[in-house]
1. For segment 18-32, check the following and say yes or no: at least one residue is open to solvent by 60 Å² or more (accessible area, probe 1.4 Å), more than 30 Å from residue 118 (Cα to Cα) and free of Cβ contacts under 8 Å to residues at least 12 places away in the same chain.
2. Yes or no: segment 67-87 includes at least one residue that is of a type outside the set (Val, Ile, Thr) and farther than 30 Å from residue 52 by Cβ.
3. What number of residues within segment 163-177 are touching a Cys at 6+ places or on another chain (Cβ under 9 Å) and either within 17 Å of residue 13 (Cβ to Cβ) or open to solvent by 50 Å² or more (accessible area, probe 1.4 Å) (or both)?
4. If I ask for residues that are of a type in the set (Gly, Ala, Ser), closer than 16 Å to residue 13 by Cα and in a helix (DSSP H, G or I), which ones from segment 87-145 would you list?
5. Could you please find all residues in segment 33-70 being within 20 Å of the chain's Cα centre (by Cα), of a type in the set (A, V, I, L, M, F, W, C) and open to solvent by 70 Å² or more (accessible area, probe 1.4 Å)?
6. Considering (1) out of contact with any helix residue (DSSP H, G or I) (no Cβ under 8 Å at 6 or more places or on another chain); (2) open to solvent by 60 Å² or more (accessible area, probe 1.4 Å); (3) within 30 Å of residue 115 (Cβ to Cβ), say which one residue 2 fails and leave the rest.
7. Picking from 104, 133, which residue would you name as being over 22 Å from residue 4 (Cβ atoms), surrounded by fewer than 13 Cβ atoms within 10 Å (Cβ to Cβ), among the polar types (S, T, N, Q) and at pLDDT 95 or above?
8. Output the qualifying pairs, or none if there are none: Cβ atoms under 7 angstrom, residues six or more apart or on different chains, first residue in segment 161-184 and under 15 Å from residue 150 (Cβ atoms), second residue among the aliphatic types (A, V, I, L, M).
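The values are calculated or read from the model by the stated rules, or taken from the named source; none is laboratory data. On a predicted model such as this, the values are computed, not experimentally measured, just so you know. Note: ideal-geometry Cβ built from the backbone for every residue, glycine included; neighbour counts use all protein chains shown. Surface accessibility is based on the protein's heavy atoms, side chains included, excluding ligands, DNA and RNA. Shrake-Rupley method; radii C 1.70, N 1.55, O 1.52, S 1.80 Å.
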Amino acid sequence: MSEKDFLSRARDYEFYCFGTSRIFERRAQKLKTRRTWITFLGIVTPVIVGGAVLSFGSDKNILPYFLSVAGVVGLVQLVLSTWAIVARWDERYEYAVDALKVNTDLYNKWKSYCESDSENKELFKILQREYETQEIKDIGQIISDKEKRFANRESLKYYKKECHLCSNVPTTSKPSKCDGCGNY
């Protein structure tokens with residue numbers, strides 16, 4: 001393989017790592033928000049009841065209303081907490097954060113390789129093995145076609161490249177109707 005081929009493949013890996021890091025950054029943000037809501041709902045229920053008792057006393061007619069609201073909030077929190085356990089939100093969040101870090105690190109390494117070390121074939125092989133190892137782990141997280149299109153659009157936008165299907169250069173993260181860089 002010629003030096004030009006190594007550099008071309010390295011640029012492809014850099015492109016893929018950038019997109020993959022965006023997938024896991026997006027997942028981590030969504031899961032963090034969901035986990036924050038569960039925590040909030042778990043705290044707000046006793047605060048509602050305690051605040052009502054402290055403010056109005058336990059003999060007032062208004063207390064049953066606060067208890068009803070707290071009961072509904074408590075049920076919502078229990079349902080969400082149960083779903084979070086079953087859906088493994090904590091594990092998925094931790095993996096997303098780790099994958100974001102590793103893919104960002106790989107992106108930086110490939111970028112550095114393309115800028116200064118493109119003649120170093122041994123480094124290419126080392127980075128390729130690291131990339132393939134992480135790729136196998138990421139595949140285990142079941143990346144959807146929509147997420148792949150999102151990653152492609154984000155990378156195309158960042159690198160100011162044309163989509164292979166619609167020939168447009170994305171300028172925003174807003175999805176288009178294209179099956180290559182949109183529809184997510």
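1. For segment 18-32, residues open to solvent by 60 Å² or more (accessible area, probe 1.4 Å), more than 30 Å from residue 118 (Cα to Cα) and free of Cβ contacts under 8 Å to residues at least 12 places away in the same chain: present.
2. Pass one, segment 67-87, residues of a type outside the set (Val, Ile, Thr): 67-68, 70-71, 74-75, 77-78, 80-81, 83-84, 87.
Filter once more, so that each one left must be farther than 30 Å from residue 52 by Cβ: 87.
Yes, segment 67-87 has at least one match.
3. Looking only at that region, the number is 6.
4. Across segment 87-145, the qualifying residues are 99, 112, 116.
5. 37
6. (2)
7. Details: 104 fails: surrounded by fewer than 13 Cβ atoms within 10 Å (Cβ to Cβ).
Selected residue: 133, the only one of 104, 133 that is over 22 Å from residue 4 (Cβ atoms), surrounded by fewer than 13 Cβ atoms within 10 Å (Cβ to Cβ), among the polar types (S, T, N, Q) and at pLDDT 95 or above.
8. 163/156; 170/156; 178/165; 179/165; 180/165; 181/156
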